[in-house]
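The values are calculated or read from the model by the stated rules, or taken from the named source; none is laboratory data. Values in this document were obtained by computation on a predicted structure and should not be read as measured data. Note that we place each Cβ from the backbone using ideal geometry, even for glycine, and neighbour counts take in every protein chain shown.
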Amino acid sequence: MTPGSAPISVLYIGGTGTISASCVRRSVAEGMDVYVLNRGNNSKSRDLPDSVTWLTGDITDRASTEEALGDRTFDSVVNFLSYGPEDAQQMVEIFGSRTKQYVYISSASIYHKPILQAPIVESTLRENPYLAYARDKLAAEDLLMQRYMQDGFPVTIVRPSHTYDEANPPLPGDWTIVDRLVRGDEIVVHGDGTSLWTLTHSDDLAQGLVGLLGNPRAIGEAFHITSDDVYTWDQIYTILADALGVEAKLVHVPSEFYPVAAPDWFWSDLILGDLAHSAIFDNSKIRRYVPSFSPRLTFHRAALGMVQWRAEHPEETKPNPETDAFIDRLAQGYHEARKAFAALAPDAK
């Protein structure tokens, strides 16, 4: 921002989630005029700066959204709560005359699985037949880019990968996994635990995303924004166990078993369609557009912060009984399968 110029105005739709709260805080720190639109059910644990202007409305209800917005316009709008193409079209209609830049938060899960090249770049084939969520994000991307090419709708696409903060551990099963580690219970790990996975702290992603705001060169472009912090899944669980001062008891279960043994578990399809495959990203593009982008938070340091956050927020980090039951079922199935195999092949070890 040059001396005497007006600050960039940005509207965040959502604003209190893992990624969005970090982006709101960074935008304020960089002197932007920040608005947050949501239904008013704001997280008490992710406090936002006092300078934020709150707008109360339901983004899924057009009348509610337009009433909350009034006659306001914004330099940038960042939408964390948009999914399929029908919703994307409505955002075009609402914000086409209200903003110079509409940032659509997509997902790196749209890239083809298993990966066809490494590292993943923005032009990697976009196709994920396993996840309806990824297909909806992809369809929304396509609609928004079509509106950009045909009508000049000022879209920028951002694709986060597995992004976390201290209040949201990057584990299939969330805080229930942490609780099981503390209790000394077994943890199921998909596959053989050696696939490579990229973890990105939300504060690091915010560097890149906020750096794109107000940049006219970013219009009509897509970016994934991740760190270069790559681990095997065995390492991820072991690092967190070390931070807790316990031993991780890992049981490796084929990824294909998850939807069979736990079809109602949210994570089952996500594991099969995304987490089971290695994902390493080339972040050259975001660094070209945001030269200051330099992720600094590693998971082994963040894990210590998670342990502290858990101690300070016991009510928000309780285990989920259903998740516990799913994991027990998967672990039990693994052990029963081993026994059955041993009975068929008594000489096998």
Exercise for review: Residues being in contact with a Leu (Cβ under 9 Å, 6 or more places away or on another chain) and farther than 13 Å from Val155 by Cβ: count how many of those fall in the range 212-229.
Suggested key: 4
Review point. Taking the stated definitions as given, is Tyr12 closer than 28 Å to Ala134 by Cα, touching a Cys at 6+ places or on another chain (Cβ under 8 Å) and surrounded by 17 or more Cβ atoms within 10 Å (Cβ to Cβ)?
Key: yes
Practice item. Mind counting the residues in the range 150-175 that are assigned to a helix (DSSP H, G or I) and in contact (Cβ under 8 Å) with a residue 40 or more places away in the chain? Key: 2
Practice item. Looking only at the range 309-316, decide whether some residue is out of contact with any helix residue (DSSP H, G or I) (no Cβ under 7 Å at 6 or more places or on another chain), in contact (Cβ under 8 Å) with a residue 40 or more places away in the chain and aromatic (Phe, Trp, Tyr). Key: yes
**Study point:** Every pair of residues 6+ apart whose Cβ atoms lie under 8 Å, when the first sits in the range 198-214 and is of a type in the set (Lys, Arg) while the second is buried (at least 23 other Cβ atoms within 10 Å of the Cβ)
**Key:** none
Exercise for review: For the range 105-120, enumerate the residues that are free of Cβ contacts under 8 Å to residues at least 60 places away in the same chain and under 17 Å from Gly14 (Cβ atoms).
Suggested key: Ser107
Review point. Of everything in the range 92-141 that's of a type in the set (A, V, I, L, M) and in a loop (DSSP other than H, G, I, E, B), which residue is nearest to Ser278 (Cα to Cα)?
Key: Ile115
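Do any strands (runs of 3 or more DSSP E) lying entirely in the range 208-265 carry at least 3 residues that are farther than 30 Å from Pro7 by Cβ, and which ones are they?
Correct list: 229-232, 249-253.
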Review point. Which residues, taken from the range 279-333, are β-branched (Val, Ile, Thr) and in contact with a Phe, Trp or Tyr (Cβ under 6 Å, 6 or more places away or on another chain)?
Key: Ile286, Thr317
Review point. Of the residues that make up the range 272-287, is at least one touching a Pro at 6+ places or on another chain (Cβ under 7 Å), within 27 Å of Glu166 (Cβ to Cβ) and at pLDDT below 95?
Key: yes
Review point. Is at least one residue of the range 64-82 surrounded by fewer than 22 Cβ atoms within 10 Å (Cβ to Cβ), farther than 30 Å from Asn128 by Cα, in contact with a Gly (Cβ under 8 Å, 6 or more places away or on another chain) and without any contact (Cβ under 8 Å) to a residue 12 or more places away in the chain?
Key: yes
Study note, to complete from the structure: Here the residues within the range 92-104 that are touching a residue at least 40 places away in the same chain (Cβ under 8 Å), crowded, with 22+ Cβ neighbours inside 10 Å and either hydrophobic (A, V, I, L, M, F, W, C) or under 30 Å from Ser255 (Cβ atoms) (or both) are Val103, Tyr104
Practice item. Could you check, for the range 176-184, whether at least one of its residues is among the hydroxyl-bearing types (Ser, Thr, Tyr) and in a helix (DSSP H, G or I)? Key: yes
Revision key, fill the gap. Taking the range 285-308 and keeping residues part of a helix (DSSP H, G or I) and either in contact (Cβ under 8 Å) with a residue 12 or more places away in the chain or buried (at least 21 other Cβ atoms within 10 Å of the Cβ) (or both) leaves Lys285, Ile286, Tyr289, Phe299, His300, Ala302, Ala303, Leu304, Gly305, Met306, Val307, Gln308
